[in-house]
Amino acid sequence: MEKEVHEQYEYARRRLRQKKILYFHFVLFLLGSLFLFVANRFFGFGAESNQNWCIWGITIWFFLFILHFIKVYITDRFMNKKWEREQIDRLVALQQKRISQLESKINEDTENKI
């Protein structure tokens with residue numbers, strides 16, 4: 001039982017760390033986007049190109065943040081250690097079923113030849 005409690009604790013600690021990093025990424029995104037916008041609009045960085053390069057940078061960064069969000073709240077939430085164990089158990093059961101079918105077929109073939 002102690003092993004199970006320890007696994008639950010480790011899972012909770014790992015999820016908390018993932019969420020903490022995601023929140024940090026969000027704050028960094030907001031501050032970085034503000035910095036890029038101010039640098040472009042008020043300080044004239046990239047003004048000679050007549051394009052809003054900061055919008056492209058913010059859009060790409062936002063896309064990366066969305067990917068990070070999906071990983072933390074969707075992918076890792078459902079595809080965790082429990083899911084991996086269930087998939088492994090399912091595949092092992094399928095292999096054992098197939099092996100038993102092959103063994104019974106071999107036994108039938110040897111009985112028919114005798």
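The values are calculated or read from the model by the stated rules, or taken from the named source; none is laboratory data. Every value quoted in this text rests on a predicted model; they were computed, and no experiment measured them. Every residue, glycine among them, receives a Cβ derived from its backbone with ideal geometry; neighbour counts consider all protein chains shown. Accessible surface is based on the protein model in full, side chains and every heavy atom, while ligands, DNA and RNA are left aside. Shrake-Rupley method; radii C 1.70, N 1.55, O 1.52, S 1.80 Å.
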Worksheet item: If R0 is 41 Å, what FRET efficiency do you get for Thr59 and Leu16 from their C-beta distance, rounded to 0.05?
Response: 0.85
Worksheet entry | Selected from Leu102, Leu64, Leu94 as most flexible by GNM, with the chain as the system and alpha-carbon contacts under 10 Å | Leu102
Item to complete: Run the numbers on the chain and let me know its relative contact order in percent, using alpha-carbon pairs under 8 Å that are six or more apart.
Response: 23
Worksheet item: Taking springs between alpha-carbon atoms closer than 10 angstrom, which of Gly57, Gly32, Gly44 fluctuates most in the Gaussian network model of the chain?
Response: Gly44
Worksheet item: Over the chain, what lengths in whole Å, largest first, do the semi-axes of the equivalent ellipsoid take, defined as the square roots of 5 times the eigenvalues of the alpha-carbon gyration tensor?
Response: 56, 22, 6
Item to complete: Calculate, in nm to one decimal, what Asn107 and Arg77 gain on full extension: separation in residues at 0.36 nm each, minus their alpha carbon distance.
Response: 6.3 nm
Worksheet entry | 1.4 Å probe accessible area per residue over the chain, in Å² | 88
Discussion item. Can you return the lysines within cross-link range of Lys105? Criterion is Cα-Cα under 21 Å, with same-chain partners fewer than 8 residues away left out.
Written reply: Lys97, Lys113
